[in-house]
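Report on the structure given below.
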Amino acid sequence: MPSTTIGDAREIGIECKWAASRTTILRPNGGTPLQAIDVLFSAVSASLDTSPPLEASAFKQRGGSLQPEASDFLDECLRIAAGTPNPGIVIARFVVPLQSGTIVRSDIVSYRLRDSFWVKKVASFASPLQTFPGSLLSLETVSLTDIIRASAGAVLVKPGAIQHQLGSSTGFPASLPSEVESDFKDKISIPWISAEPVPRKRLVLVGSSNQDPEGGGWTQFARGAAVALGIDLVFIDREDGWLAKGNFGSWYETLLPAPPSWWAEPSADGLVKLVEDYNAKNNGKKVDGIATFIEALQVPVSVAATRLGLPHELTSAFERATNKYKLGLFQNRPAFLASEVEDVMSLVRSPQNQLGFPLIVKPCFGLNSEGVTRVNEESEVEEAIETARKSGRSKTDVGDKVLVERYCDGPEVDVNMIFVNGEVLFSEICDDFPKGADVSMGTNTRELASRLTPDQRRNFQETNMVFPSALPDDELLALTNAVRDTLQGLGFRNGVMHVEARIAQSKRSYQSDGAIIDLRPRQRSSSTTQDVVGAVKSESDTPAPWIIEVNPRPPGLFASQTPGSVYGIDYWGISLLLAAGDKARAAALSQPFTNGAQSHTVLVMIRAEFDPACEGIFDSDDVCAELLMRHPELKEHLGRYGCLLKRGQKIPHPSQGKNTFVAYMNVFSRTSRQEALHIAEKVRQEVRYEIR
C-alpha cells in the first residue's frame, strides 16, 4: 500500500495512503471512462496541536506547484485529518479521466457532485479547455503529486458516509458503501472529455441583468459558466449600468457601451455596427456568436446575427414567442387587446369570444409575472389595466393596449426544455404553487384566503416552486408533448426554453390537509382535505395543457439554479454554447443524472410585502443568516440561498407593478416531497424582515 507522510515545522505528520490493489474504473455507456482513486489521510501522531493549522506547503516543497483549487483542497484534507478526534481519518476520492482529449467544462466534477449526500467538499482542478492524456495510473509507483496532477477534481467524503466501514480502525476501508458508489456513477456518467479538439469561443452578449450579483441577477451565472467553458464574453451594455460602473472588469474581454438612444429603440443596425467596429479594431479576434437573454432585445439580436452570419434562430419565432398576444393567436386561443374598461366589457358581452369572469389582464410584453392580474368583476378592470401598463413595455404595434384572456385554474407548472438541432435533449417540469389569485374564496378555503391582502388575492407572484412535479405521468407527458410541439411550430431548433403552462381538468388539485398545501387527487365529494384551486368547469373532463408563456431563455427568479442541484443541468452554460455554435458540448452537458432527480427541492421565494403607507426602505440585515442563527437545524436541508436586499435599500410597492424579493432559499429532502414542503413552510414562517 503506497503512502507518503507530510509534516510541518513541528514534525506533526499526516500519512496519505492508497490501496494499489483497489481502484474503481468506470466505463459508463456513452460516458467518459475514469479511474477513481481513494486516498486516506490519517494523523501519524496521536496528539496533535492544530493551531496554526497544517498546510500543504510541505507537500508543495516536496512535490512541486499545484493549482490553487488543488492546494486548497489538500489543505482541507490535512486540516480535518489533524483536527478530527479518534480515529482522525479522512478519505478523498480523486477523479482521473481515462480518455484522452479536452475537458468540456473545467468545473464538471464539482458541478455534478457538489450536492451529493456523501460529499463534504468537492473541488475541480482542471483549467478551462485543459487536455488530459487519458492514462491509467499505476498505483504501485505513483506519488500523491502524480495523482493530483492527473485528476480533474476530487471529493472529500463525509465521515458519516463511511463511518461503519471504518469502525474504530485506522486502517484502509475495504470499500466505500455501495450507495456511495452508485451515486457517484449516477452523477458522473456523461461524456465530459471530448476526443475532438475544442477551440476557445468568443461571444457577444447584449444586455445584462437588471440586478447586480448582490441582488441575484442572472449575469453572474452566465459569467461563471463562460469561464468554466472557455468562452470569452464581449458585452454590449448600458454605459451607465452596474456592469460598467462596478468592479467587474474581469468579467469580460471588452465592454461596448450602446448609447441611450439605442436602448430606447433597440435596432439590429446598431448591433451590427458595434460588432463590425469591434472586428475592425481587433483583427484576428473571431466572434463566434451574439446572444441576449432579455426578451425585448431578442428580435433585433436575431436579425443582427443573421446579417453577421452568426448562429441564430428564426426572427419570426422570437416575434411570436415574446409577444403574448401573438402567442395566443398562434395557439388558436381566445386572446384580445383592450385599452379601457368598456373594451373589456364589450368582449365579455360577446358570446363568441368565450370570455367571462374571472379573466386575466396582463401586458403583451413583460417578465416575472409583473403586471398580471386576475379580474373577478367589472369593478376591478380599470385597476388591472393600469397595473399592466405600468409594468409592460410599449411597442409600436401594441401601443397602450393590454392583453385580455381567459383564466385557466388548473395546476400551473414550469416546463424547461433544451433543443439541439430540433430535438429535445432534456426536459423537466416543476410545480409552480398557487399564487394569491389562484386561491379559491369558497367556504372550505375562506380561512386560507383571509390571510391574503386584496392585492395578493389578485396577483400571480411566485411563492413556492417544487422540483420535480407531482402531476400524474400522463399529464406530464401531455404537457411535454404540447410544449415541444408549440416550440417546434414556432420555429425554434436550438436553445434553452422556459415555458409557463397549466393543465386544465387535471386529476390533481392543490389541497390543504390542515397544515401543508400540495397536489392531491382531485376531490369529487366532501373530504377532510380542502380544495385550494378548484376544478375547471368544462364540458370535457380530459386533462388538457394550456400554454401561458414561451420564454426563449433560461428560467428566471433563481429557478435556473435549482435544476443544477436536482438534475445536474446548467441552463446558462448550455445557452452560451448554443449561441456560440458549439452544439457538441451543449449536447454532452444536456445529459442529466442517470437516475433522474436526486432530491425533492422547494424553491422558496420571499416577496417584499409592506403597507403602501411605508417609505419602502428595507430595514433588516441578511435575513437568511439571521434565520440560521435562530434555527441552525435548517442548514442541513438548505441548498443555495441568499438575501437580495440591503439595509437602507428603497424598493417599490407591489401595487406599482414591480415585484421585489427579499430572499430565496432552496429547501431539499432526499426522503420525501412532504418533508421538503414541511421544512419549506417552516422557513417561510420563520423569515423575519422589516420595511419602514
- Task: Would you check if VAL122 is without any contact (Cβ under 8 Å) to a residue 40 or more places away in the chain and surrounded by 16 or more Cβ atoms within 10 Å (Cβ to Cβ)?
- Result: yes
- The one condition in (1) surrounded by fewer than 18 Cβ atoms within 10 Å (Cβ to Cβ); (2) over 30 Å from GLY495 (Cβ atoms); (3) in contact with a helix residue (DSSP H, G or I) (Cβ under 8 Å, 6 or more places away or on another chain) that LYS658 fails to fulfil: (2)
- Being more than 30 Å from GLY596 (Cβ to Cβ) and surrounded by 19 or more Cβ atoms within 10 Å (Cβ to Cβ) narrows LEU203, LEU256 down to just LEU203
- Query: Do we have any residue at all in the stretch 329-337 that's farther than 29 Å from ARG406 by Cβ and polar (S, T, N, Q)?
  - Reply: no
- Query: If you take the residues in the stretch 651-683 that are of a type in the set (Val, Ile, Thr) and in a helix (DSSP H, G or I), which one is farthest from SER469 (Cα to Cα)?
  - Reply: VAL683
- Task: Can you confirm whether the stretch 169-181 contains a residue that is buried (at least 16 other Cβ atoms within 10 Å of the Cβ), of a type in the set (A, V, I, L, M), modelled with pLDDT under 95 and in a loop (DSSP other than H, G, I, E, B)?
- Result: yes
- Which residue, of ALA478, ALA501, ALA470, is over 23 Å from the mean Cα position of the chain (by Cα) and touching a residue at least 24 places away in the same chain (Cβ under 8 Å)? ALA478
- Task: Would you mind listing the strands (runs of 3 or more DSSP E) fully within the stretch 230-326 where at least 2 residues are out of contact with any helix residue (DSSP H, G or I) (no Cβ under 6 Å at 6 or more places or on another chain)?
- Result: 231-238, 254-258
- Find the strands (runs of 3 or more DSSP E) located wholly in the stretch 533-650 whose residues include 1 or more that are more than 30 Å from PRO358 (Cβ to Cβ), and list them. 600-607, 638-643
- Going through the stretch 88-104 one residue at a time, which ones are surrounded by fewer than 24 Cβ atoms within 10 Å (Cβ to Cβ) and within 26 Å of the chain's Cα centre (by Cα)? THR102
- Note on the structure: Checking VAL420, VAL415, VAL424, VAL361 in turn, the sole residue that is surrounded by 15 or more Cβ atoms within 10 Å (Cβ to Cβ) and either modelled with pLDDT under 95 or not assigned by TED's automatic domain parsing to the domain that holds SER575 (or both) turns out to be VAL361
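The values are calculated or read from the model by the stated rules, or taken from the named source; none is laboratory data. Note that the coordinates shown come from a computational prediction; the quantities given were computed from them, not determined experimentally. Ideal geometry is used to build each Cβ from the backbone, glycine not excepted, and the neighbour counts take in all protein chains shown.
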